[in-house]
Structure formats: C-alpha cells, structure tokens
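Comments concern the structure below.
The values are calculated or read from the model by the stated rules, or taken from the named source; none is laboratory data. Just so we're clear, the structure is a prediction, and the values are computed from it rather than from any experiment. Here Cβ is always computed from backbone atoms with ideal geometry, including for glycine, and neighbour counts include all displayed protein chains.
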Amino acid sequence: MSQSYNRGLIEDFGRWKEFSAGMWAWIFHKFTGWMLIGYLFTHIAVLSSAVTGPEAYTNTIQGLESLFIIRVLEVGLLAVAVFHILNGLRLLMVDLGVGLDAQDKSFYASLVLTAIITIASVPTFMDGVTI
Amino acid sequence: MAERYSSFTPGGTTWLLQRITAAFLVVVLAFHFFLLHFVNHAADVTFASTQARMENVGYFLTMVLFLVAGTFHGVNGVYNALVNQGLKGTQKKVVLAVLTIASVALIAQGTYVALVMAGWT
C-alpha cells in the first residue's frame, strides 16, 4: 500500500512561496530540461556547418569560441547540465525508493555540487578569451 | 510512512524509456563535456580534430546513440511537461505530431552531420 501526500497543484506557479524543496527540485528540473533540449537543436544547427566544408566548420566553431558572451553562455550551459544530471540521479534514486527520507537534503546537495563544479570550471571555460 | 514509494509500475513504456535514456545520458553527457572542454579545449576544435574522433566507429556510434537518446529524453520531457500543464484533445495530438516530426528531423540531420564529420559521405 502506498500513501499519497497532497502537496497541491505544482503547476500553479503563483503558489511559489508555499513550495517545498522537492517542488523546487521539480521546477528546476523542468526549467533545465527545456534549456537543454533547446540547446540540442541549436548545437546540431551550428555543427551542421560541417556540411558546407571543413573550413566553414572550423571558422564557425573558432569564431563562436572567440566571443566572450559565448563562453559565459557555455558556463551557464554547464551549470544547467550539471544540475540536471545530479538532480536526475536523485530522481532515479527516488524512483527506486532509495533514500527517500533524505530527498530534500539530496536536492540541496545537488545545488551545492552544481555550484562547486561550475565555479571550479570557470577558469577552463574562460581560458584565452577577453571581453 | 508509506511502505512503497516506487513509481515503477508495469505498462508505461515511454516512462521506462525516459529512465533508461536518463541513465545513459548521465554518463555520456558528462563524458561529452569532459572530452570537449577539459581534455580538448572547445576553442581549439578544428574539422580535422573532429574527424579524427568521429572516424572511430565506437565514438561515432556512441555519438549517434547520444543524439537519439538525448532527443527522445528531451522531447518526451517537453511533451510530458505540456501534458502536465493540461494539454489535451486535438491540441495534444497536434503537439505530439509536431514534436515527433521535429525529433525525426533532428536525428536525421545530426546523423548526416556525424557522417560528414567522419568523412563517410
């Protein structure tokens, strides 16, 4: 027998002040998911420059990478991807019924780990570019 | 306390596929980021270096499977998010059709690009 807990309608974003940790995890997972699938379409479009020819591909990639804003967006993409991965692992555990009592703590851990990994990656991502 | 929280119930094929692709993507997405931002710097990428990676059959197949899994997982996620928001009836069917066409187009284009990168066209 399972027991349900009525948390109210999460799709009603106007209730955001009442949201619990798990509800925030749900919203962040949706938000990062939308960003990632949007990026996948953009990514394939950019890589499609390879169809034009080797030179067009190399120039497109290196031209984009020379832009400061692209590097900043890449750091943002990393943060979004790392959170989605870590919270995704948390969700797989929840689905398997593992560590349910700590589901709120594992959400906070996902956020902290995402911040640490993102900040630690900034020097690598911003290497060789200036404003 | 409930005795069972698991939502693993029989019958939900796309639900299960969403979890299977998730487990695969966790590993391959981390690998992809690590390979193209830390092992190789994204700013140093050239067609020649991309081709050197892509002409390895194992890498090529991993990338195509990565594309298929990512597309399914992402588009199925978007579809389910819209259904959760109350999408139903004809609108639901139209959205499903549009998302399916977009997915097939993305996978076809991505696979073609990978073939070009590998030099197999």
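The table for this structure:
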| item | result |
| --- | --- |
| Residue among B:L16, B:L25, B:L67, B:L87 that is in a helix (DSSP H, G or I) and more than 9 Å from every other protein chain (Cβ to nearest Cβ) | B:L16 |
| Leading residue by the ranking (surrounded by the fewest Cβ atoms within 10 Å (Cβ to Cβ)) among those in the range A:93-128 that are within 11 Å of chain B (Cβ to nearest Cβ) and among the charged types (D, E, K, R) | A:D101 |
| The one condition in (1) modelled with pLDDT under 95; (2) facing another protein chain (nearest Cβ under 9 Å) that B:P10 fails to fulfil | (2) |
| Index of the failed condition, B:A69 passing every other in (1) out of contact with any Gly (no Cβ under 7 Å at 6 or more places or on another chain); (2) modelled with pLDDT of 95 or more; (3) surrounded by fewer than 16 Cβ atoms within 10 Å (Cβ to Cβ) | (3) |
| Filter result (of a type outside the set (S, T, Y) and either in a helix (DSSP H, G or I) or within 7 Å of chain B (Cβ to nearest Cβ) (or both)) within the range A:44-62 | A:I44, A:A45, A:V46, A:L47, A:A50, A:V51, A:P54, A:E55, A:A56, A:N59, A:I61, A:Q62 |
